[in-house]
Each structure stands twice: as C-alpha cells, then as structure tokens.
Amino acid sequence: MTSRILPFAEWPKLDEAGAETVWALLDPSRAQILVIEDEGEIVGTLTLLNVLHAECLWIKPSHRKGYGVMKRLLDSMWAGARAQGVRALWSGSLSETMTNILHRIGASEVPGRSFVFPVKGDACRHLS
C-alpha cells in the first residue's frame, strides 16, 4: 500500500468515496486530500482542509422581528468570506430556526456529528 496527496486533477476520483458534494467546494490551495492506494486503487481517503467557520449567531430579542440586523450580519459575513478568498463557509445549527436560516441562504447539510480535537503525536496508540 502507498500513501500520497491526491493532486487536484485527480479529485474527481473521490466521487466513489462519496465526497463529490465536498471536493467541488474545496480550494486546492487550502486543502490536501490524503489517499491510501492498494495496487493503484484508492482504498482510503482523508481530507485536510481549512474552512472559514461562521458561528455564534446572536441577535438581541428586541431586534429579531425584522431582517435589518440579520441582513447586515449576512452582508458582512459574505464580504468577510470574499476578502479571505474562500469558496464556502462552514456552520453548525443547534435549533430549527438556525437550520431554516442556513437552508434559506443555500447551505447544504453535512451528515454526521462534528468534533474538535487537539493535534497529537501518534494517534494510532489511541485506537487500540
């Protein structure tokens, strides 16, 4: 078996791995797709990516009825994302209201649960 970073030109090979909805949004200068191959066939992948994470939306209850604050927050978010040159944003939702907002602005739901973990040395010793 061999390990390598998959060049951008080969990213369409990830469709078989179910990553077609993700790789198309990634900026190749900010992502590395690690692959394990066995006799030239991809048998495992892991993507390292830098994403701009939009989080912690809050609007004072007295200002939630209209869309003035929300519109300004979204306009600022889009401008900030464009200024950083990103093609996609990542966000989470803990409420149906937030889920509805995300769907209205064109977000796609990512299956699974999200986690954050520190970078450590040998991770394999934690798997046994």
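Every number in this text was worked out from the coordinates using simple rules, so none of it is lab data. Just so you know, these numbers come straight off a predicted model, no measurement behind them. Here the Cβ positions follow ideal geometry from the backbone for every residue, glycine too, while neighbour counts run over all protein chains shown.
Give the relative contact order (percent, whole number) for segment 2-49; include only Cα pairs under 8 Å separated by 6+ residues.
Relative CO of segment 2-49 lands at 40 percent.
If you wrap a convex hull around the C-alpha atoms of segment 76-117 and split its volume per residue, what is the figure in Å³?
Taking only Cα atoms, segment 76-117 has a hull volume of 108 Å³ per residue.
With a 10 Å cut-off between alpha carbons and a GNM built on the chain, which of 85, 44, 106 moves the most?
With Cα springs under 10 Å in the chain, the top fluctuation among 85, 44, 106 is at 106.
Can you pull out the trypsin sites (Lys or Arg not before Pro) in segment 1-40 whose DSSP state is coil and whose Cβ has at most 15 other Cβ atoms within 10 Å? Walk me through the intermediate numbers first.
Numbers: sites: 4, 13, 30; in loops: 30.
Here the sparse-neighbourhood loop sites are 30.
Between 107, 85, 61, whose Cα lies farthest towards the positive end of the dipole of the chain when Lys and Arg beta carbons carry +1 and Asp and Glu beta carbons carry -1, centred on the Cα centre?
Positive-end residue among those listed: 61.
Looking at segment 1-95, which GluC sites (Glu not before Pro) are DSSP coil and have at most 10 other C-beta atoms within 10 Å of their C-beta?
39, 55
In nm, give the distance between the simple-model label positions of residue 120 and residue 29, each being 7 Å from the Cα along the Cα-to-Cβ direction.
If labels sit at residue 120 and residue 29, their model points lie 3.5 nm apart.
Helix 68-83 versus the longest principal axis of the chain: what angle, 0 to 90°, nearest 10, using Cα atoms?
30 degrees
Could you calculate, for the chain, the ratio of the Cα radius of gyration to the Kirkwood radius, expressed as Rg to Rh?
1.05
How are the Cα pair distances of segment 52-104 distributed, in percent, across 10 Å bins from 0?
Once binned at 10 Å, the Cα pair distances of segment 52-104 give 21, 55, 23, 1.
Mind listing which chymotrypsin sites (Phe, Trp or Tyr not before Pro) in segment 65-112 are in a DSSP loop and have 16 or fewer other Cβ atoms within 10 Å?
On the way: sites: 67, 78, 90; in loops: 67.
Counting only loop positions with at most 16 other Cβ atoms within 10 Å, the chymotrypsin sites (Phe, Trp or Tyr not before Pro) in segment 65-112 are 67.
Restricting to DSSP H runs of at least four residues, report the calculated mean residue ellipticity at 222 nm for the chain, -39500 (n - 2.57) per run over all residues, nearest 500 deg cm²/dmol.
-6500 deg cm²/dmol
Work out, step by step, the length gained on full extension between residue 16 and residue 57: first 0.36 nm times the residue separation, then minus their alpha carbon distance; give nm to one decimal.
The residue 16-residue 57 span can extend by a further 11.2 nm.
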